[in-house]
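Structure first, commentary second.
The values are calculated or read from the model by the stated rules, or taken from the named source; none is laboratory data. Because the structure is predicted, anything quoted here is derived from the model rather than measured. FYI the Cβ positions are ideal-geometry reconstructions off the backbone, even for glycines, and counts take in every protein chain you see.
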2 protein chains.
Amino acid sequence: MAETAVETLASVLRTRILSGELAPGTPLREEALSSEYELGRHTIRAALRQLGGERLVSIQPYSGARVTLLDDDDVRALMQLRSALEGEAVRLLNRRSDDTTLAGIHTANDELRRACLDSPTDRARIERAHAALHHAIVDAAGSPRITDAHARLEAESILFLAQLRHVLDAEEMIRQHDQLVGDLLIRGEDAIHEHLERAADQLIAARAADH
Amino acid sequence: MAETAVETLASVLRTRILSGELAPGTPLREEALSSEYELGRHTIRAALRQLGGERLVSIQPYSGARVTLLDDDDVRALMQLRSALEGEAVRLLNRRSDDTTLAGIHTANDELRRACLDSPTDRARIERAHAALHHAIVDAAGSPRITDAHARLEAESILFLAQLRHVLDAEEMIRQHDQLVGDLLIRGEDAIHEHLERAADQLIAARAADH
DNA sequence: GCTCGCAGATTGTGTAACAATCAATGGATG
DNA sequence: CATCCATTGATTGTTACACAATCTGCGAGC
């Protein structure tokens, strides 16, 4: 059955990164990981290389690996991809749009609201709920292919959310998503395009502000 | 200035894979690469792990790395992403649609036709031209963010083309793209959605045929 | 205060060795 | 003759050690 050490390590680190425990920018030192997990340095390096290929960590020669900090271009490219894909999902959704398919979206939005109100400081929970809502929207389109395609962007999207933490408080999070869900049927794809573009703009503007 | 050995190796292998010199399914043996490039096995392994993260090679425990063979689900997810993105590009394109922006598309299509007629056996050249045409369509939308997002899918798209080789001959390639370019302005995004879906279906059907 | 250079820390790469697993070969058996 | 199983050879997975290459921060000297 043999899951190799490199694979398990990569998957553990991936989880720690996506949960926000390892924040974007955090350095990942080989010796530290080596003694923490009791694995040889080469094993660590292989796992880091793999995560590098997945864009979850960035590797600078002779300076080491750190959790990826998405730069402005990364953010815009990622959001454009999501925008195109989620927009397509919404278009399909509005073509079928029976009430049962929308139930999942409202449930997910309620869950997000509850997370924001119950535990506004537990960002990991909020981010999971946030990702789940967007996932639900894509799912509601009823195309397994779109769901697959969206899943491929999910890891990086969560990385984006981890950076958005300091920009968007829980209240604003609720407000924006209530509006999104309310507008979905009326304004269609434009609603989600705007929603995603606003998020990207907010992060980029906030970063420009602390110059 | 120090480009590390792992990086150069990864980039050399990437090029060889995307040029089609290393066909999908080809095994990549560590010892062989080690003596071919005169590098230690660990260096090879690190590069392979990175390419694994980029999805260009698939690594099976204790059985080694091979150039990724996209399965049906991979193909559908990739095409759905491209479809959403290129569809978005076409929508933008038709909103501006001045003649100069279209010139690039026609040039690229002419180049593709020339490649198919001049050297129908030089698949690498045809694939470059093919990728360039789709790239030109996305470029014509005039949004650098969409271009960025599309670039991220390009490597895997070329991998898809490498597998499409045995399914689509040069003649059919010309026909489908002449139709696509002709329909772009009239039918808009639907034209490109159909174009991409047909390509995916053809590959999947052909594979089902040799069971 | 600034620059230079040195020293320590960290990463990059290689070699050697061995364990773990796979794959194919070949017999033993029905 | 076909089938199953075991052995063997090839390949990958992992480690330890060594050393080179490079970065980084700190202090000496100006």
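The residues in segment A:67-77 that are in contact (Cβ under 8 Å) with a residue 40 or more places away in the chain and either at the interface with chain B (Cβ under 8 Å from one of its Cβ atoms) or of a type in the set (Phe, Trp, Tyr) (or both) can be counted, and the count is 1. Taking segment A:15-46 as the range and being within 12 Å of DNA strand D (Cβ to nearest atom) and polar (S, T, N, Q) as the test, the residues that pass are A:Ser34, A:Ser35, A:Thr43. Are any residues in segment B:99-112 buried (at least 17 other Cβ atoms within 10 Å of the Cβ) and either within 14 Å of chain A (Cβ to nearest Cβ) or touching a residue at least 24 places away in the same chain (Cβ under 8 Å) (or both), and if so, which ones? If the condition is that a residue be buried (at least 17 other Cβ atoms within 10 Å of the Cβ) and either within 14 Å of chain A (Cβ to nearest Cβ) or touching a residue at least 24 places away in the same chain (Cβ under 8 Å) (or both), then B:Leu102, B:Ile105, B:Ala108, B:Asn109, B:Leu112 are the ones that fit. Exactly one residue out of B:Arg76, B:Arg96 is surrounded by 15 or more Cβ atoms within 10 Å (Cβ to Cβ) and either polar (S, T, N, Q) or more than 26 Å from A:Gln60 (Cβ to Cβ) (or both), and it is B:Arg76. The residue of segment B:8-53 that is nearest to the chain's Cα centre (by Cα), among those that are more than 11 Å from DNA strand C (Cβ to nearest atom) and at positive phi, is B:Gly20.
I need every pair where a residue in segment A:78-98 that is free of Cβ contacts under 8 Å to residues at least 40 places away in the same chain has its Cβ under 6 Å from the Cβ of a residue that is part of a helix (DSSP H, G or I) and among the basic types (Lys, Arg), sequence separation at least 6 or different chains. Filtered contacts from segment A:78-98: A:Gln80/B:Arg145.
Based on what the data block shows, is B:Val12 away from every other protein chain (no Cβ under 14 Å), assigned to a helix (DSSP H, G or I) and either away from DNA strand D (no atom under 14 Å from the Cβ) or modelled with pLDDT of 95 or more (or both)?
Details: away from every other protein chain (no Cβ under 14 Å): yes; assigned to a helix (DSSP H, G or I): yes; either away from DNA strand D (no atom under 14 Å from the Cβ) or modelled with pLDDT of 95 or more (or both): yes.
Yes.
The residue that is farthest from B:Leu85 (Cα to Cα), counting only those in segment B:177-189 that are part of a helix (DSSP H, G or I) and touching a residue at least 40 places away in the same chain (Cβ under 8 Å), is B:Asp178. Filtering segment A:155-176 for residues that are without any contact (Cβ under 8 Å) to a residue 40 or more places away in the chain, out of contact with any Lys or Arg (no Cβ under 9 Å at 6 or more places or on another chain), farther than 19 Å from A:Ala115 by Cα and not assigned by TED's automatic domain parsing to the domain that holds A:Arg16 leaves an empty set. One residue stands out in segment A:34-54 among those that are in contact with a Gly (Cβ under 9 Å, 6 or more places away or on another chain) and either at the interface with chain B (Cβ under 8 Å from one of its Cβ atoms) or surrounded by 24 or more Cβ atoms within 10 Å (Cβ to Cβ) (or both): the one that is farthest from B:Arg152 (Cα to Cα), namely A:Leu48. Sub-6 Å Cβ pairs linking a first residue in segment A:1-23 that is farther than 20 Å from B:Ala65 by Cβ to a second residue that is part of a loop (DSSP other than H, G, I, E, B) and within 15 Å of DNA strand C (Cβ to nearest atom), at least 6 apart or interchain, are A:Arg16/A:Leu22, ordered by first then second residue.
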